[in-house]
Amino acid sequence: IQTVDPRIWGAKEDCATDDTVAVQAAVNYALASATQAKTLTMTGPALLTSSVNINRLVDTSYNDFVIEGHGKTAGFCVSSPITMFDSTLTFSTTPVSERVTFKNVYFQSANPADAAYVMSHKFLRIVFDHSNFLQIKVVSGTIYLQSWRFHGGYATGWAGTFFSTTAAGYDIAVQSVDFESGANGFNFGTSCSQCRAVN
């Protein structure tokens, strides 16, 4: 099986039932091979009440771990101030997990004022391909953020800073993303090299 569906583990994907355990089980199955990930498919908004861990040790994986949405609101929602995706890999001052692509995925927070984020700063080589963000921010961290891509989709209704680090950014690319009705966009504490935005 090359695709994995959290509903196999009992996920309801209705943004009302807690699907955290089911999503984590599906992610674990998809990443059972340390180097070759299966695709995780979403058909509705799975409610997460704590972080789901994605552990892909940097420079050891052979493909992207793709999380793909099939449907207008297929993806993930939160109703509390949590980070949707994190890593339990040993962490010091650099990203530890890598190569995750979100394709046609919907992210939503019930309250834009919450400190809710899509990912922790432990990741690099992240792609958001035609993914949408409603009342939620992507990341806030204290270490450098490297190789993050945003292609298509929209972001709306967030409070605070959408993408932020108190350190530097490297190779951050934004193309054809509609940003509207939000607060602050991208913030880098020191500098951002090879960063670009294309309408």
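Mind checking whether some residue in region 109-130 is free of Cβ contacts under 8 Å to residues at least 60 places away in the same chain, over 24 Å from Ser191 (Cβ atoms), in contact with a His (Cβ under 8 Å, 6 or more places away or on another chain) and in a strand (DSSP E or B)?
The answer is yes, given that some residue of region 109-130 is free of Cβ contacts under 8 Å to residues at least 60 places away in the same chain, over 24 Å from Ser191 (Cβ atoms), in contact with a His (Cβ under 8 Å, 6 or more places away or on another chain) and in a strand (DSSP E or B).
Name the one entry in Thr88, Thr101, Thr93, Thr73 that is within 25 Å of Ser193 (Cα to Cα) and either assigned to a loop (DSSP other than H, G, I, E, B) or touching a residue at least 60 places away in the same chain (Cβ under 8 Å) (or both).
Thr93
Kindly indicate whether Asp18 is of a type in the set (D, E, K, R), open to solvent by 40 Å² or more (accessible area, probe 1.4 Å) and touching a residue at least 60 places away in the same chain (Cβ under 8 Å). So that I can check it myself, show each step before the final result.
Values: of a type in the set (D, E, K, R): yes; open to solvent by 40 Å² or more (accessible area, probe 1.4 Å): yes; touching a residue at least 60 places away in the same chain (Cβ under 8 Å): no.
When the stated conditions are applied, Asp18 does not pass them.
Given the residues Thr35, Thr49, which is the only one that is in contact with a strand residue (DSSP E or B) (Cβ under 9 Å, 6 or more places away or on another chain), part of a loop (DSSP other than H, G, I, E, B) and either within 15 Å of Val100 (Cα to Cα) or of a type outside the set (A, V, I, L, M, F, W, C) (or both)?
Result of the check over Thr35, Thr49: Thr49.
What is the one condition in (1) more than 19 Å from Ile82 (Cβ to Cβ); (2) of a type outside the set (Gly, Ala, Ser); (3) surrounded by 17 or more Cβ atoms within 10 Å (Cβ to Cβ) that Asn184 does not satisfy?
(3) is the only condition that Asn184 fails.
From the list Ser147, Ser164, which one is hydroxyl-bearing (Ser, Thr, Tyr), open to solvent by less than 50 Å² (accessible area, probe 1.4 Å) and either closer than 20 Å to Ala115 by Cβ or not in a strand (DSSP E or B) (or both)?
Being hydroxyl-bearing (Ser, Thr, Tyr), open to solvent by less than 50 Å² (accessible area, probe 1.4 Å) and either closer than 20 Å to Ala115 by Cβ or not in a strand (DSSP E or B) (or both) holds for just one of Ser147, Ser164, which is Ser164.
Of the residues that sit in region 46-72 and are open to solvent by 20 Å² or more (accessible area, probe 1.4 Å) and within 16 Å of the chain's Cα centre (by Cα), which one is farthest from Ile82 (Cα to Cα)?
Out of the qualifying residues, it is Asp64.
The values are calculated or read from the model by the stated rules, or taken from the named source; none is laboratory data. On a predicted model such as this, the values are computed, not experimentally measured, just so you know. Here the Cβ is made from the backbone with ideal geometry for all residues, glycine too, and neighbour counts use every protein chain on show. Surface accessibility is based on the protein's heavy atoms, side chains included, excluding ligands, DNA and RNA. Shrake-Rupley method; radii C 1.70, N 1.55, O 1.52, S 1.80 Å.
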